[in-house]
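Take a look at the structure set out below.
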Amino acid sequence: MTITISLNNDAINNLDLLPALKVIEPLLQEESMTSQEQQLRFEINYPREANDPRELSEIPEVRLWFVRLDAKYPWLPFLLDWKAGELARYAAMLVPHQFTKKEGIQYNPEALEIFLMHKIFILSNWLKQQSIPTPFRLKSFAQILGYELEDGFFEMIEKR
């Protein structure tokens, strides 16, 4: 079951998280978050001038809305539909990058690594609180962003 958060100009320009809160808060009341894993998508309706070549992730107002959302729900990548590209798009909202039509998105490597590790630590703690097994999910998360994490890394952070 796909879950969609619809965003428009007003919500984005006013940093209004209500469209996301209406969708995410009921999910938090459910017994198990695993049924919502990788089901969330964003529908972003942010009109631009016809000659505006920017991708949504290059528009400061859109990025700022996602920064605010990430501050509220730092574990949100767990819910994003990774297969539909939502994790890559979410990362693009938060990680400096360049976009070219020929090569697509090119993240700043250091910024992406910091983002990845920050999310790994957040998700590791949050998944434990939810009683959801973590290593496989976190390894998959890292792989989507182009990183391989060793089992020893997860053993080390689980000890602490």
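How many angstrom lie between the C-alpha centres of segment 1-60 and segment 117-160?
25 Å
Would you mind getting me the FRET efficiency between I105 and Q29? Use the beta-carbon distance for r and R0 = 30 Å, nearest 0.05.
Computed FRET efficiency for I105 and Q29: 0.30.
Could you tell me which label, among [x] 27, 21, 13; [y] 35, 18, 13; [z] 23, 18, 16, carries the value of semi-axes √(5λ) of the Cα gyration tensor in Å calculated for this structure?
Only one listed value fits the structure, namely [x].
How far apart, in nm, are the 7 Å Cα→Cβ label points at H118 and I132?
2.0 nm
FRET efficiency for E148 and Q98, Cβ-Cβ distance as r, R0 = 30 Å, nearest 0.05?
Using R0 = 30 Å, I get an efficiency of 0.80.
List the chymotrypsin sites (Phe, Trp or Tyr not before Pro) within segment 79-152 that DSSP assigns to loop and that have no more than 16 neighbouring Cβ atoms inside 10 Å.
Y147
Quick one: if you stick a label point 7 Å off each Cα along the C-beta vector at E61 and I3, how many nm between them?
Taking the simple label geometry, E61 and I3 are separated by 2.8 nm.
Pulled fully out, how much extra length does the chain show between R54 and L18, if you take 0.36 nm times their separation in residues and subtract their Cα-Cα distance?
10.4 nm
Run the accessible area of segment 9-160 with a 1.4 Å probe and give the carbon-and-sulfur part as a rounded percent.
Ligands and nucleic acids excluded, carbon and sulfur give 50 percent.
Pairing the Cα long axis of helix 109-129 with the longest principal axis of the chain, what angle in degrees results, from 0 to 90 and rounded to the nearest 10?
50 degrees
How far is helix 60-72 tilted off the main Cα axis of the chain, in degrees rounded to 10, range 0 to 90?
Helix 60-72 sits roughly 30 degrees off the main axis of the chain.
The values are calculated or read from the model by the stated rules, or taken from the named source; none is laboratory data. The structure presented is a predicted model; accordingly, all values stated were derived computationally and were not measured. Here the Cβ is made from the backbone with ideal geometry for all residues, glycine too, and neighbour counts use every protein chain on show. Side chains are part of the model used for accessible areas, which takes the heavy atoms of the whole protein and leaves out ligands, DNA and RNA. Shrake-Rupley method; radii C 1.70, N 1.55, O 1.52, S 1.80 Å.
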